[in-house]
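Presented below is the structure to which this report refers.
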Amino acid sequence: MNLKNRISRLASLLSLLSKGYSLSTPKLSERFDVTNKIIQTDFKEYLLPLFDDDTLYYDYSNKSYTAKNNFLIKTFFDVESLAIISILKNKSKDKYSDKDLSQKVNTLFVNYEDALSHSIYQLSDIEKIDKFKNEIIQIHHAIDNKRIIECMYRDKKRNLYPLQIKNLDGYWYLICFDTNYEDIRKYHLNSISKIIELDEYYDGDTYKKIVDSFDTAINAWHKPENKPILIQLFFNKEVSKYFLRKPISKTQRLIKTYDDESCDIELTVTDFMEIIPTIQKFIPHITVLEPIELKNIL
């Protein structure tokens, strides 16, 4: 990272502040190999104006810059994005800029972050996030930094390794490792509250295979610990086009097409309940070919 570059330097300063460090000008000047004046400019003209409140401030008692604890968990932006925003805000105040440009730039980024949260989590046909938007932001930050969280879930205190936020069958879930049960759990985000990000970390690589398995999940019945089950289905001509246009899951594969446009497909599930609700919705237009156990259950 080139710390002579202002974007990189500002991002590095934000990262240090987010970890709870108090930063003095002389030590930063030595660390980044720049003058004291440049460090002071970084804070006074770029970082301190970044937030409207006293999120970042100069502590006169110990002559250092500091920040409120976990200030990054209140935003969807990472440190590099915030560094770029601080530079754009600074440039918008230039004497050659339009009179009201600075105010419009501030409004733009407030609106952009709100739109970002909605574009990621609020599609028209899925559960709305309005009631747990702040929790999503906190969890999102913890996932990015591989930090353990303490929270309440259904009136019980939990310590969780937050692995992934996932929409399953229209509802938002946190895929996590629960230390109480010592296994992977799916917790509805609407039921998670009082989140505290701990100064403890987990190894994300340990759970990568499990997290990746949810890419093929159909709904919350997905059980990553189970061996995949091969399912073969017949779709008659009344519904085949819909399922070919919008597959049930990423594992879906076309086996055979008939003259009347009906077809056979196969896919994998980890539990019969992953596929049973879909089949029930479309009986008699869907028929189970294999396995016989699923056919008997239906």
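The values are calculated or read from the model by the stated rules, or taken from the named source; none is laboratory data. Remember, it's a predicted structure, so these values are computed and weren't measured experimentally. When we count neighbours, we look across all protein chains shown, and the Cβ atoms used for this are built from the backbone with ideal geometry, even at glycine. The protein model used for the area step is the full one, side chains on, heavy atoms only, and it has no ligands, DNA or RNA in it. Shrake-Rupley method; radii C 1.70, N 1.55, O 1.52, S 1.80 Å.
Grouping the Cα pair distances of segment 19-79 into 10 Å bins from zero gives a pair-distance distribution of 21, 53, 25, 1 percent in increasing distance order.
Show log10 I(q)/I(0) for the chain at q = 0.10, 0.16 Å⁻¹, two decimals, from a solvent-free Debye sum over equal Cα scatterers. Cα-only, vacuum Debye calculation for the chain: -0.73, -1.25. Working note: 222 nm ellipticity from helices only, DSSP H runs with n ≥ 4, each -39,500 (n - 2.57), summed and divided by the residues of the chain, gives -10000 deg cm²/dmol to the nearest 500.
Charge dipole of segment 156-236 (Cα centre as origin; +1 on each Lys and Arg Cβ, -1 on each Asp and Glu Cβ, all else neutral): 360 debye, rounded to the nearest 20. The residues of the chain expose, per residue, 59 Å² of accessible area to a 1.4 Å probe. Of the residues V79, V239, the one with the largest accessible area comes first in the ranking V79, V239, computed with a 1.4 Å probe on protein heavy atoms. By accessible area, using a 1.4 Å probe on protein heavy atoms only, segment 147-298 has 48% of its surface on carbon and sulfur. If you add up the charges near D203, with Lys and Arg at +1 and Asp and Glu at -1, over every other residue whose beta carbon is less than 13 angstrom from its beta carbon, what do you get? Local net charge: +2. Per the Debye formula on identical point scatterers at the alpha carbon atoms of segment 1-106, with no solvent, log10 I(q)/I(0) at q = 0.11, 0.20 Å⁻¹ is -0.33, -1.07. About its Cα centre, the chain has a charge dipole of approximately 800 debye under the convention of +1 per Lys or Arg Cβ and -1 per Asp or Glu Cβ, with nothing else charged. Taking every C-alpha pair closer than 8 Å and separated by at least 6 residues, the mean separation divided by the residue count of the chain gives a relative contact order of 11 percent. For segment 244-296, the alpha-carbon coordinates run over 31, 23, 19 Å along the three principal axes, in decreasing order.
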